[in-house]
1. Run through the DSSP bridge list for the chain and note the antiparallel percent, rounded to the nearest 5.
2. Taking the inverse of the average 1/r across all pairs of different Cα atoms in the chain, what Kirkwood radius in Å do you get?
3. Across 5 Å bins from the origin, how do the percents of Cα pairs in region 187-327 run, short distances first?
4. If you wrap a convex hull around the alpha carbons of region 37-83, what volume per residue comes out, as a whole number of Å³?
5. Please report, as a whole percent, how much of the solvent-accessible surface of the chain comes from carbon and sulfur atoms (probe radius 1.4 Å).
6. Distances over 21 Å make up what percent of all Cα-Cα pairs in region 1-119?
7. Between the DSSP loop rule and a limit of at most 12 other Cβ atoms within 10 Å, which GluC sites (Glu not before Pro) in region 220-260 are left?
8. Out of residues 5 or more away from Phe311 or on other chains, whose amide H comes under 5 Å of its own, with H placed 1.01 Å from N in the peptide plane?
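The values are calculated or read from the model by the stated rules, or taken from the named source; none is laboratory data. Quick caveat, the model's predicted, so the values are computed rather than measured. Reconstructed Cβ throughout: ideal geometry from the backbone, glycine too, with neighbour counts over all protein chains shown. The accessibility values were calculated without ligands, DNA or RNA, using every heavy atom of the protein model including side chains. Shrake-Rupley method; radii C 1.70, N 1.55, O 1.52, S 1.80 Å.
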Amino acid sequence: MSETIVYREYEPADFDKYKQLYRAVFSKEMSAEHFKWKFQSGDMNAIIFCAVTETGDLVGSRVVLITKVSIGDQVYQAAQSVDSMVHPDFQGRGIYKQLNLHAIDALKKKDISMIITFPNHNSLPPLEKLGWKRIAPISIYAKVLRYQSLAGSKKYLKLPLRALDRLTALRSSKFTFELNEVNKLDESHLAFIKDALSQSVHQNRSEEFLQWKYTEKPESRYVKVVFSREDAIQGLGVIRIDENGTRKTGIVTEFITKNDHIKKEMLDNLVSYCKGVLGLDVLKMWEVEDLKLSTSLKKNHFIKKSSSIWFSIKYLNESAEEVTDASKWYIAWGDADTA
């Protein structure tokens, strides 16, 4: 006889068992500091739905962050699902499905209009059976800025790759915008973001959201760069800096402009800044497939990695307008950057 599973919301006494489940599924530790930032922030509330055995073991969880989605002048309560987990010993028993059904029912009662998520190719099919709609595939694009970083411990590669770096340095683009790093996004930056995204459907980039994500996140470094011309803000980029051994990688989590025709020019400037000022070895970006930036990325010699991520939505009621055209959305790596 199979063990009975109870589905309920997280309780403070579950923390140690949640850490054990996280370790078993993701093979890494969840610190108390990171847990508090991610799930217990005053600005970004979270609900953790748990699957618990009759003996009290936590064997699965489904987490949603309560957020907002802007569609024109309307702002809707929404949820973003993150960190779905089922213990390896309990997979194949329908726990993932039941966690989703439990979450859907609970969120409907809380007047949440939609659940957005970024599933991989394994998670997407079962979500579609539960009513999630696939909006668009998302690809990761990468550009090597310093080839010498690829040598690693292979000393025989360092000299030829160093020579290649010198050759590419001769072709570096000049700055056509004024680029300035800022410690905190002020009212002028927030006003620009609101105006630039006003015609796009997007996860609400409020001051609290941006502060939580790009300033308060523990053990993380984000660089915020403002693009200006003639004292007017033309764009804004946020880059997460990851250092792994001798390689320094930049993840572009936000890339915002209100003029599509300058995106390629902005991207050229961003690449030069990341290479020359930030000293990055590799730069990565997310891009929704078949949209305008993809062409700019390819022209700038970014290499596309095989897509394994989808942007998907489960609409919970009729209060929110259903927008399934990917071109209507602003989607950035920052939307899913909570790990």
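1. In the chain, approximately 90 percent of DSSP beta bridges are antiparallel ones.
2. Its Kirkwood hydrodynamic radius stands at 21.7 Å.
3. 2, 8, 16, 20, 21, 18, 10, 4, 2, 0, 0
4. Considering the Cα atoms of region 37-83, their hull volume per residue is 83 Å³.
5. The value for the chain is 47 percent carbon and sulfur by accessible area.
6. Across region 1-119, Cα pairs with separations above 21 Å total 39 percent.
7. Glu230
8. Ile135, Ala136, Ile138
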